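These notes are about the structure you will find just below.
The values are calculated or read from the model by the stated rules, or taken from the named source; none is laboratory data. Just so you know, these numbers come straight off a predicted model, no measurement behind them. Every residue, glycine as well, gets a Cβ built from its backbone with ideal geometry; the counts of neighbours run over all protein chains shown.
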Amino acid sequence: MNERILVVDDEKKIADFLQRGLAYEGYGVRVAHDGESGLAAALEWRPDLVILDIMLPGMDGLQVCRRLRQESDVPILMLTARDSVSDRVTGLDMGADDYLVKPFALEELLARVRALLRRKGAEDDHPLQLADLALDPRTRQSRRGSRALDLTSKEFDLLELFMRHPRQVLTREVIYERIWGYDFGGESNIIEVYIRYLRAKLEAAGEPRLIQTVRGAGYALREE
């Protein structure tokens with residue numbers, strides 16, 4: 001699945017420019033024009049990278065960065081017209097991964113984006129663990145305690161999605177988009193079917209449930 005990038009910038013001309021440039025390079029792109037909608041989009045859509053302007057109406061980019069960093073480790077590239085060292089330091093202290101001063105060349109921004117995504121990809125190869133559940137993205141093997149799990153490709157992908165967002169509620173829409181890449185429609189029960197498959201394999205030896213149903217919201221991987 002192509003990497004997904006969220007652009008948060010209140011200058012429509014710049015936002016449109018970035019959306020066209022990134023889409024041309026094959027990225028999936030969404031745009032938000034203020035801090036609150038940008039933060040909401042980042043938490044709901046779960047992009048692979050956020051391009052975030054500092055000067056935003058209402059909640060500014062530094063506030064968005066700080067709030068987002070409390071919820072996610074998504075790479076954040078901050079954009080600003082400010083060029084003082086103190087502004088750059090503040091942005092990085094808030095949790096930004098990189099910093100680009102306007103005006104900038106699209107080629108430089110794309111290079112920064114590729115570097116951040118490569119870094120994230122390298123980090124994403126690390127084994128994941130929650131309670132007695134372990135998953136290795138490199139070998140695509142998983143275990144519950146000392147018991148190896150025999151998962152299909154889609155079951156592994158779904159479990160990996162939960163493991164990368166432990167204790168966070170994932171909505172049906174997010175799961176559809178990240179695992180199947182399109183919307184099955186409101187009447188489909190494909191998610192429920194796969195959750196049932198996963199639970200059966202995770203709990204085959206009587207282990208406590210880890211995939212919890214959050215009524216009216218979605219599912220979360222967490223200990224009861």
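Considering only strands (runs of 3 or more DSSP E) fully contained in segment 1-86, which possess at least 3 residues that are in the same structural domain as D157 (by TED's automatic domain parsing) and farther than 22 Å from L170 by Cβ? It would help to see each step written out before you state the result.
Working: elements: 4-8, 28-32, 49-53, 76-80.
Where strands (runs of 3 or more DSSP E) fall fully within segment 1-86, none carries at least 3 residues being in the same structural domain as D157 (by TED's automatic domain parsing) and farther than 22 Å from L170 by Cβ.
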Query raised in the report: Are any residues in segment 191-220 charged (D, E, K, R) and in a loop (DSSP other than H, G, I, E, B), and if so, which ones?
Result: E203, E207, R209, R215
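Residues are listed down the side, and each one gets a yes or a no for (1) in contact (Cβ under 8 Å) with a residue 24 or more places away in the chain; (2) under 15 Å from the mean Cα position of the chain (by Cα); (3) not in a helix (DSSP H, G or I):
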{"site": "E155", "(1), (2), (3)": "yes, no, no"}
{"site": "E160", "(1), (2), (3)": "yes, yes, no"}
{"site": "P166", "(1), (2), (3)": "yes, yes, yes"}
{"site": "I175", "(1), (2), (3)": "yes, yes, no"}
{"site": "R178", "(1), (2), (3)": "yes, yes, no"}
Report summary line: Out of (1) closer than 22 Å to W180 by Cα; (2) in contact with a His (Cβ under 6 Å, 6 or more places away or on another chain), the one D10 does not meet is (1)
Report task. Would you please name the residue that is modelled with the highest pLDDT, looking only at residues in segment 176-192 that are buried (at least 17 other Cβ atoms within 10 Å of the Cβ) and either on the phi > 0 side of the Ramachandran plot or out of contact with any Leu (no Cβ under 7 Å at 6 or more places or on another chain) (or both)? Result -> I191
Report task. Answer yes or no: is there a residue in segment 13-24 that is surrounded by fewer than 23 Cβ atoms within 10 Å (Cβ to Cβ), within 24 Å of V89 (Cβ to Cβ) and not aromatic (F, W, Y). Result -> yes
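To keep it simple, each residue is scored yes or no on (1) within 26 Å of Q63 (Cβ to Cβ); (2) at pLDDT 90 or above; (3) charged (D, E, K, R).
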position	(1), (2), (3)
V89	yes, no, no
L92	yes, no, no
G95	yes, no, no
E107	no, yes, yes
L110	no, yes, no
Q129	no, yes, no
A134	no, yes, no
P137	no, no, no
Q141	no, yes, no
